[in-house]
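Student: One structure follows; several queries about it will come next.
The values are calculated or read from the model by the stated rules, or taken from the named source; none is laboratory data. Source: prediction; values computed, not measured. Cβ: placed from backbone, ideal geometry, glycine included. Neighbour counts: every protein chain shown.
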Amino acid sequence: MALTEIPERKDIKPGDMWDLSPLFADDNEWDRLYASLENRIGEYDSFNGRMSLSLKQFRNTIEFDIAVSRDLEKLYTYAHLKSDEEKSNQFYLAMYQKSVNLYTRISEASSFITPEIQSIDETLVRTYMQDLSMKDYTFYLEKILRYRPHTRTHEIEQILAMSGEVGHAPSQIFSQLDNADIKFGKVSDPEGNEIELSHGNFSNFLQSPDREVRKKTFFQYYKSYEQLKYTIAETLSHSNKKDMFYSRVRNFNSSRESSLFTDNMPLSVYDNLVDTVRKNTAPLFKYFEFRKRALGLDELHFYDTYVPIAGDVKFSMTYNEAVETCIAALAPLETEYTSILRDGLLGGWVDRYENRGKRSGAYSSGCYDSPPYILLNYEETNINSLYTLIHEAGHSMHSYYSKNNQSYINADYTIFVAEVASTFNETLLSRYLLDKYRDDPKMTIYILNREIDNIRATLYRQTMFAEFEKRTHEIVERNEPLTLDVIRMEYFKLLQAYFGDTLVIDDVLTLECLRIPHFYSAFYVYKYSTGISAAIALADRVLNSGETARSAYLNFLKLGGSMYPLDELKLAGVDMSTPEPVESAIKHFSLLVDTLEALYTK
């Protein structure tokens, strides 16, 4: 019997790690910038109360703050990437904590800027904005003026800034529990190999054709959360209370309104998503009924929902092969996009493989002065890893184009549009693979199955998560207790609504809501659902409408954060203020289900 354990960080080959030297040559260089920034905090006092004296003083204050913020982002980016390499590494955890603490102190020192801008007569501010030297700051200032009703006095803003590190506590505690402390034990695969179970390979086991392996893995994985359920429930509850606190202090009616206000996003966009998906669960139910028949099961459990229906198809793809597959799939975006991406994916952007203590999942990160880095936990035998790679590549190329076409102050795009760029790439990958294997029925079934499961997970499941966030925040905002029992009951109701009677809901599945990191960034997950809806529409345009649609999409990536997200997407060719894109995505999902069922039956 072979024993497979997760490697230590020191055993990962340097070529399989990201190259952080563009940020800092070494830790000592980080320390020097940290010390420099600490010394600059006191300089904020020389600007306080002077912004209305002249255009020069107004601009100098903004430019000083932007320069500090840019250096602070470099510090934070390096520290969080190094900490995520190995969450148990106390040296880099301390570096990360120092960067968060410095961020809090700088936020406190600079907290006068927004209230001071808002206190100046608006006619004078707009006169300043019309000066040619202020051109890059127009949208930045428009957003500040829009926040007038939700900005407090300088003293209160200073206190709010001081609370930043404490407010981050629920997220940080959960992250340490979920990545450093929690252990899942070992499981045996069908060949008798004993393998350490982790976040990284959990989905791999759920795709095993051996139902006993899937079942054992599922219950063993959730046993670890069962043992921590009271602690994590309290952590989640206090995260929601933190959101409520900040929204009330800033005169918002709810945490949700506060979160969506930043993007100038109407609550109706959120509500349209939930209502539209709720009304259109029939295609999902149909898919689950088909899946149950195709697998020959009397009952369908959650651990049966990820195993490929074409079970005899073996998938294996090395990382380098995955890169070339992504490049081929993205060919409709033409050579500049794909050549830049290939160089990055093979040349130091990506931390490729799992190691002990590494942050679970995947993300794209970076700052204005760094490459767009990607954290992966790549598994060669899991097709989801291929999709994850092209997903994160979408984020990274969005960052690349944004930074190369916008000034620092306008480069940081919102998550709402970010999830369009990533899921757009996934959509092109599915279209490419279906075309590549069109003469291979089994592989076609395999890819169709994967595309259906991807839309199910991104549109239906994330909408369910979004409704869970809305419900649990409303409970807190009604001043009612959000205990473990309440959390599990609310989640159970949603499982019933989104799965109907097509799925047997095992009791431990109600613990799923305790393991979702995105719940600590409130009202984030709905953007996955809106993102894939917009992405499907834009992919259709790029593939079917030629150069005009391609140029519109690439120009959308170049906009960065220079406009509000709904306006950017309208320029790209899709209007997310209406239910139509979500309805179209559901119709696309339904068509895929019908195609899969017909092909499988044939």
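Student: Inspect the range 575-595 for any residue being surrounded by 17 or more Cβ atoms within 10 Å (Cβ to Cβ) and more than 18 Å from LEU459 (Cα to Cα) and give the result as yes or no.
Tutor: no
Student: Here's something else I'd like to know. What are the residues in the range 28-39 that are surrounded by fewer than 15 Cβ atoms within 10 Å (Cβ to Cβ) and either closer than 20 Å to PHE91 by Cα or among the basic types (Lys, Arg) (or both), if any?
Tutor: Narrowing the range 28-39 to residues surrounded by fewer than 15 Cβ atoms within 10 Å (Cβ to Cβ): 28-29, 31-32, 35-36, 38-39.
Scanning the range 28-39 gives ASN28, GLU29, ASP31, ARG32, ALA35, GLU38.
Student: Can you pull out the residues in the range 198-213 that are among the hydrophobic types (A, V, I, L, M, F, W, C), farther than 10 Å from TYR303 by Cα and in contact with a strand residue (DSSP E or B) (Cβ under 9 Å, 6 or more places away or on another chain)?
Tutor: If we filter the range 198-213 for residues that are among the hydrophobic types (A, V, I, L, M, F, W, C), which is where we start, we get 202, 205-206, 213.
Applying the additional criterion that residues be farther than 10 Å from TYR303 by Cα yields 202.
Residues satisfying the conditions do not exist here.
Student: Here's something else I'd like to know. Yes or no: SER208 surrounded by 16 or more Cβ atoms within 10 Å (Cβ to Cβ) and in a loop (DSSP other than H, G, I, E, B)? Can you show your working first?
Tutor: Numbers: surrounded by 16 or more Cβ atoms within 10 Å (Cβ to Cβ): yes; in a loop (DSSP other than H, G, I, E, B): yes.
Here the answer is yes, as SER208 does meet what is asked.
Student: Something else: Which is surrounded by fewer than 23 Cβ atoms within 10 Å (Cβ to Cβ) and out of contact with any Lys or Arg (no Cβ under 8 Å at 6 or more places or on another chain), of GLU379, GLU426, GLU392? Spell out how you get there, then give the answer.
Tutor: On the way: GLU426 fails: surrounded by fewer than 23 Cβ atoms within 10 Å (Cβ to Cβ); GLU392 fails: surrounded by fewer than 23 Cβ atoms within 10 Å (Cβ to Cβ).
After ruling out the rest, the residue left standing is GLU379.
Student: Output yes when any residue across the range 25-41 is touching a Phe, Trp or Tyr at 6+ places or on another chain (Cβ under 6 Å) and part of a helix (DSSP H, G or I), and no when none is.
Tutor: Yes - at least one qualifying residue is present in the range 25-41.
Student: Given the residues ASP575, ASP501, which is the only one that is over 25 Å from the mean Cα position of the chain (by Cα), under 29 Å from ILE452 (Cβ atoms) and among the charged types (D, E, K, R)?
Tutor: Working: ASP575 fails: over 25 Å from the mean Cα position of the chain (by Cα).
Going through ASP575, ASP501 in turn, the sole match is ASP501.
Student: Under the condition of being in contact with a Pro (Cβ under 7 Å, 6 or more places away or on another chain) and in a helix (DSSP H, G or I), which residue from the range 397-427 is nearest to SER529 (Cα to Cα)? Reasoning before the result, please.
Tutor: Of all residues in the range 397-427, those in contact with a Pro (Cβ under 7 Å, 6 or more places away or on another chain) come to 399-400, 414, 416-417.
If we keep only those that are in a helix (DSSP H, G or I) as well, we get 399-400, 416-417.
On the way: SER399: 21, TYR400: 24, PHE416: 10, VAL417: 11 Å.
Ranking the qualifying residues of the range 397-427, first place goes to PHE416.
Student: Continuing with this model, one more query. Among what's in the range 325-351 and is β-branched (Val, Ile, Thr) and surrounded by fewer than 16 Cβ atoms within 10 Å (Cβ to Cβ), pick the residue that is farthest from MET17 (Cα to Cα).
Tutor: Only one residue fits best here, namely THR335.
Student: Could you please let me know if ARG152 is closer than 30 Å to GLY49 by Cα, of a type outside the set (Asp, Glu) and not in a helix (DSSP H, G or I)? Steps first, answer last, please.
Tutor: On the way: closer than 30 Å to GLY49 by Cα: yes; of a type outside the set (Asp, Glu): yes; not in a helix (DSSP H, G or I): yes.
Here the answer is yes, as ARG152 does meet what is asked.
Student: Also, I was wondering about something else. Give the residue, chosen from ILE113, ILE120, ILE159, that is free of Cβ contacts under 8 Å to residues at least 12 places away in the same chain and closer than 30 Å to PHE252 by Cα. Explain how you work it out, then say what you get.
Tutor: Details: ILE113 fails: free of Cβ contacts under 8 Å to residues at least 12 places away in the same chain; ILE120 fails: free of Cβ contacts under 8 Å to residues at least 12 places away in the same chain.
Of the residues listed, the single one that is free of Cβ contacts under 8 Å to residues at least 12 places away in the same chain and closer than 30 Å to PHE252 by Cα is ILE159.
Student: Also, I was wondering about something else. Hey, GLY296 hits all of (1) small (Gly, Ala, Ser); (2) surrounded by fewer than 14 Cβ atoms within 10 Å (Cβ to Cβ); (3) part of a helix (DSSP H, G or I) but one; which does it fall short on?
Tutor: (3)
Student: If only one of LEU75, LEU93 is of a type outside the set (Ser, Thr, Tyr), surrounded by 19 or more Cβ atoms within 10 Å (Cβ to Cβ), free of Cβ contacts under 8 Å to residues at least 60 places away in the same chain and out of contact with any Asp or Glu (no Cβ under 7 Å at 6 or more places or on another chain), which one is it?
Tutor: LEU75
Student: Residue check: is ALA585 in a helix (DSSP H, G or I), free of Cβ contacts under 8 Å to residues at least 60 places away in the same chain and not β-branched (Val, Ile, Thr)? Walk me through how you get there before you give the answer.
Tutor: Numbers: in a helix (DSSP H, G or I): yes; free of Cβ contacts under 8 Å to residues at least 60 places away in the same chain: no; not β-branched (Val, Ile, Thr): yes.
Considered against the rule, which asks whether it is in a helix (DSSP H, G or I), free of Cβ contacts under 8 Å to residues at least 60 places away in the same chain and not β-branched (Val, Ile, Thr), ALA585 comes out as no.
Student: Being at pLDDT below 90 and under 30 Å from PHE219 (Cβ atoms) is the filter; apply it to the range 148-186 and report the residue that is surrounded by the most Cβ atoms within 10 Å (Cβ to Cβ).
Tutor: ASN179
Student: Before we move on, is ALA25 under 21 Å from GLY347 (Cα atoms), exposed (fewer than 12 other Cβ atoms within 10 Å of the Cβ) and at pLDDT 95 or above?
Tutor: Numbers: under 21 Å from GLY347 (Cα atoms): yes; exposed (fewer than 12 other Cβ atoms within 10 Å of the Cβ): yes; at pLDDT 95 or above: yes.
The answer is yes for ALA25.
Student: To continue, here is another question. Keeping to the range 367-396, report how many residues are polar (S, T, N, Q) and outside any helix (DSSP H, G or I). If you could, list the steps in order and put the result at the bottom.
Tutor: Our first condition is that a residue be polar (S, T, N, Q); within the range 367-396, this holds for 370, 377, 381-382, 384-385, 388, 396.
Next, only the ones that are outside any helix (DSSP H, G or I) stay: 370, 377, 381-382.
Summing the residues that are polar (S, T, N, Q) and outside any helix (DSSP H, G or I) in the range 367-396 gives 4.
Student: Taking ASP567 as meeting all but one of (1) in a helix (DSSP H, G or I); (2) under 22 Å from the mean Cα position of the chain (by Cα); (3) in contact (Cβ under 8 Å) with a residue 24 or more places away in the chain, write down the number of the exception.
Tutor: Unmet condition: (3).
Student: Whether any residue in the range 529-551 is in a helix (DSSP H, G or I), among the small types (Gly, Ala, Ser), buried (at least 23 other Cβ atoms within 10 Å of the Cβ) and free of Cβ contacts under 8 Å to residues at least 60 places away in the same chain is what I want to check.
Tutor: yes
Student: I'd like the full set of residues that are surrounded by fewer than 11 Cβ atoms within 10 Å (Cβ to Cβ) and either β-branched (Val, Ile, Thr) or in a loop (DSSP other than H, G, I, E, B) (or both), limited to the range 6-20.
Tutor: Looking only at the range 6-20, we keep the residues that are surrounded by fewer than 11 Cβ atoms within 10 Å (Cβ to Cβ), and these are 10-11, 13-15.
Once the filter is applied, which keeps residues that are surrounded by fewer than 11 Cβ atoms within 10 Å (Cβ to Cβ) and either β-branched (Val, Ile, Thr) or in a loop (DSSP other than H, G, I, E, B) (or both), the range 6-20 yields only LYS13.
Student: Looking at (1) touching a residue at least 60 places away in the same chain (Cβ under 8 Å); (2) closer than 27 Å to ASN204 by Cβ; (3) buried (at least 18 other Cβ atoms within 10 Å of the Cβ), which one does GLU226 not meet, given that it meets all the others?
Tutor: Of (1) touching a residue at least 60 places away in the same chain (Cβ under 8 Å); (2) closer than 27 Å to ASN204 by Cβ; (3) buried (at least 18 other Cβ atoms within 10 Å of the Cβ), only one is false for GLU226: (3).
Student: If we scan the range 470-479, do we find a residue that is under 29 Å from ARG248 (Cβ atoms) and either assigned to a loop (DSSP other than H, G, I, E, B) or free of Cβ contacts under 8 Å to residues at least 12 places away in the same chain (or both)? Outline the logic, then answer.
Tutor: Start the filter on the range 470-479 by keeping residues that are under 29 Å from ARG248 (Cβ atoms), which leaves 470-479.
With either assigned to a loop (DSSP other than H, G, I, E, B) or free of Cβ contacts under 8 Å to residues at least 12 places away in the same chain (or both) added as a condition, the list becomes 478-479.
So far as the range 470-479 goes, yes, one or more of its residues are under 29 Å from ARG248 (Cβ atoms) and either assigned to a loop (DSSP other than H, G, I, E, B) or free of Cβ contacts under 8 Å to residues at least 12 places away in the same chain (or both).
Student: Report, by residue number, each residue of the range 42-59 that is in a helix (DSSP H, G or I), of a type in the set (Ser, Thr, Tyr) and farther than 30 Å from TYR92 by Cα. First the steps, then the outcome.
Tutor: We begin by selecting, within the range 42-59, every residue in a helix (DSSP H, G or I); these are 42-46, 55-59.
After this cut, where a residue has to be of a type in the set (Ser, Thr, Tyr) as well, the list is 44, 46.
Hit for the range 42-59 is SER46, nothing else.
Student: For the range 233-269, what are the residues that are over 19 Å from the mean Cα position of the chain (by Cα), under 16 Å from GLY164 (Cα atoms) and among the charged types (D, E, K, R)?
Tutor: Passing the criteria: LYS241, LYS242, ARG248, ARG250.
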